[in-house]
Amino acid sequence: MHQNLFKWSDKSSFISPRSKSRDKADIANQLALFFEILHSGKTPRINSDGITSHKPVIGGGFQSISGGSTGLPKIIERTCISWILSFNINNKFFNLSGCKVALFGSLNHSLVLYGALEGLHLGCEVHYLEGQSPTKQLEYLERENIEILYVTPTQLRLMLTAKYKNYRIKSLKYVFIGGGSTEQNTLMELSELAPNAALKQFYGSSETSFISISDKFTPKGSVGKAYKDVEIILGASPNEPVKKGEIGRVWVRSPYLFSKYVGENGINSNQVSGWVSPGELAKFDQDQNLFILGRIDRIFKIKDQSIIPEEIERYLLAEKKVKMAAVVKEYDILRGNKAIAYIATSDAVNVEKLIDECISLIPPLDGSLKIIELTLANFPLLPSGKPDFCKLELRGV
């Protein structure tokens with residue numbers, strides 16, 4: 001078997017409790033088709049409604065769809081080896097081979113696809129729990145003695161809404177959390193739920209794969225230090241780095257980068273001479289721990305002052321009862337914009353108090369911040385498990 005292609009190890013199995021009752025094609029069959037296309041010399045593409053075959057990529061590759069949390073999704077092409085390298089690194093450091101792995105969310109989200117392919121490649125038992133309720137997720141993790149969990153912060157918060165039933169998942173060894181930073185109270189709840197698990201927050205994107213990963217020494221609010229063989233520069237461009245401690249745009253160079261966007265031509269401002277930017281602002285501390293501040297394309301102005309929506313979201317999510325938060329802008333003739341924060345809670349919260357506290361933290365919000373409560377069930381999410389900001393912006397139109 002070609003060493004540059006993913007393999008479905010003879011020791012691996014794929015289990016999807018709900019697949020037989022769903023209208024969509026069985027997820028195991030979709031993955032089997034993915035491998036069939038790949039090993040026939042063609043390029044498989046993971047779409048929202050299944051797997052399609054496309055012209056071959058030199059060296060062996062595949063295509064996936066970006067999350068599209070702030071705009072239209074893009075078709076991303078990358079080589080298999082760009083992920084296989086990190087499979088081997090993760091196996092070396094975390095001994096994943098042969099473990100029981102659980103995944104939430106849709107297969108067309110890169111985190112879920114990565115976890116599935118890594119597990120199958122390394123001889124794991126992969127459990128696909130997409131569509132399960134929080135209670136059923138916890139019951140399943142406990143009953144099946146799951147050892148590895150790949151999850152987004154939003155999926156994690158939702159799962160923890162069922163924690164009141166006093167589950168204890170002692171089998172969990174590692175929880176890999178990707179797709180955004182996770183507030184401290186959520187991590188503490190998770191530690192109570194899975195007392196033997198090492199919580200590994202990592203930072204990356206569909207285009208970059210792993211950029212940084214946390215360890216037991218990582219300070220609060222950080223996504224850790226650079227992942228093995230990853231170079232990170234903060235600045236307007238890779239050739240214009242900021243001084244230590246200053247804020248800059250994230251630029252990454254590593255063996256794990258994607259190859260190209262399919263169907264797009266011309267210069268991409270997020271790619272410069274082998275470097276790729278995920279489009280976010282960050283800063284380093286003195287020990288090179290990375291702190292992500294927010295996406296550049298989400299920043300907007302109120303009273304001519306720049307607002308980073310993630311700063312408001314992080315503050316709202318620090319309130320234990322707030323399980324989801326997303327901030328969008330709305331045009332305002334006097335201020336330029338006003339901020340609308342959508343939240344979903346597990347219990348009643350004092351909205352006026354939250355507004356006052358946010359304004360105290362970010363004074364330009366005075367008179368412009370509005371908080372709207374949605375139910376957990378009605379909070380719009382993407383297949384990636386992240387808030388659907390486009391849908392939320394349309395609610396105010």
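Taking the chain as a Gaussian network, Cα atoms linked when under 10 Å apart, which of N196, N145, N239 shows the biggest mean-square fluctuation? Looking only at N196, N145, N239, the largest GNM fluctuation is found for N239. Restricting the calculation to alpha carbons of the range 247-365 gives Rg and Dmax of 17.7, 51 angstrom. The mean sequence distance of close C-alpha pairs (under 8 Å, at least 6 residues apart), as a share of the length of the range 156-266, puts its relative contact order at 19 percent. Taking only DSSP H segments of four or more residues, each worth -39500 (n - 2.57), what value at 222 nm results for the chain once the sum is divided by all its residues, to the nearest 500 deg cm²/dmol? After summing the helix terms and dividing by the residues of the chain, the value is -7000 deg cm²/dmol. Computed with every protein chain present, the accessible area of T52 is close to 60 Å² [probe 1.4 Å]. Stokes-Einstein diffusion for the chain at 10 °C, viscosity 1.306 mPa s, with a Kirkwood radius from C-alpha pairs, works out to 72 µm²/s. For the range 74-125, the convex hull drawn through the C-alpha positions has a volume of 74 cubic angstrom per residue.
For the pair M188 and T52, a Förster radius of 41 Å applied to the C-beta separation gives a FRET efficiency near 0.45, rounded to the nearest 0.05.
Quick check on the chain: of the DSSP beta bridges with both residues there, what percent are antiparallel, nearest 5%? Antiparallel bridges: around 65 percent, rounded to the nearest 5. Going by the alpha-carbon gyration tensor, a ≥ b ≥ c the square roots of its eigenvalues, is the range 84-175 rounded (a/c under 1.5) or, if a/c is not under 1.5, prolate (a/b greater than b/c) versus oblate? Here the range 84-175 falls in the prolate category.
Modelled spin-label separation between D332 and L374, with each label point placed 7 Å from Cα along the Cα-to-Cβ direction: 2.1 nm. Kirkwood hydrodynamic radius computed over the range 228-307 comes to 13.9 Å, based on all pairs of distinct alpha carbons. Here K173 is the anchor, and the lysines within straight C-alpha reach of less than 18 Å, apart from those fewer than 8 places off in the same chain, are K92, K100, K200, K216. Backbone phi angles across the range 251-260, fed through the Karplus curve with coefficients 6.51, -1.76 and 1.60 (θ = phi - 60°), yield HN-Hα couplings of 10, 10, 10, 6, x, 9, 6, 5, 8, 5 Hz in residue order; Gly and Pro are listed as x. Short-range pairs are left out: with C-alpha atoms under 8 Å and at least six residues apart, the relative contact order of the chain is 12 percent. Residues whose amide H falls under 5 Å from that of K323, counting only those 5 or more places apart or on a different chain, are A344, T345, S346, with hydrogens built in the peptide plane.
Annotation: amide H-H contacts under 5 Å for V126 (H modelled 1.01 Å from N, sequence separation of 5 or more, or interchain): S13, F14, I15, V101. Phi-derived couplings, Karplus 6.51 cos²θ - 1.76 cosθ + 1.60 at θ = phi - 60°, listed residue by residue for the range 73-86: x, 10, 8, 10, 10, 8, 7, 4, 4, 5, 9, 4, 4, 6 Hz, with x used for Gly and Pro.
Summed over all non-identical Cα pairs, the Kirkwood treatment of the range 159-216 gives a radius of 12.4 Å. By the Cα gyration tensor, the range 124-223 has an equivalent ellipsoid whose semi-axes, rounded to whole angstrom, run 21, 15, 13 from largest to smallest. Cross-link pairs exceeding 20 Å between alpha carbons, from the set K163/K320; K301/K370; K163/K353; K165/K323; K220/K301; K55/K260: K163/K353; K220/K301. Between the amide H of E280 and those of V250, I296, distances stay under 5 Å, these residues lying 5 or more places away or on another chain, with hydrogens modeled in the peptide plane.
The values are calculated or read from the model by the stated rules, or taken from the named source; none is laboratory data. These numbers come from a predicted model, not from an experiment. With ideal geometry, Cβ positions are generated from the backbone for all residues, glycine too; neighbour counts draw on all protein chains shown. Calculation scope for accessible area: heavy atoms of the full protein, side chains included, ligands and nucleic acids excluded. Shrake-Rupley method; radii C 1.70, N 1.55, O 1.52, S 1.80 Å.
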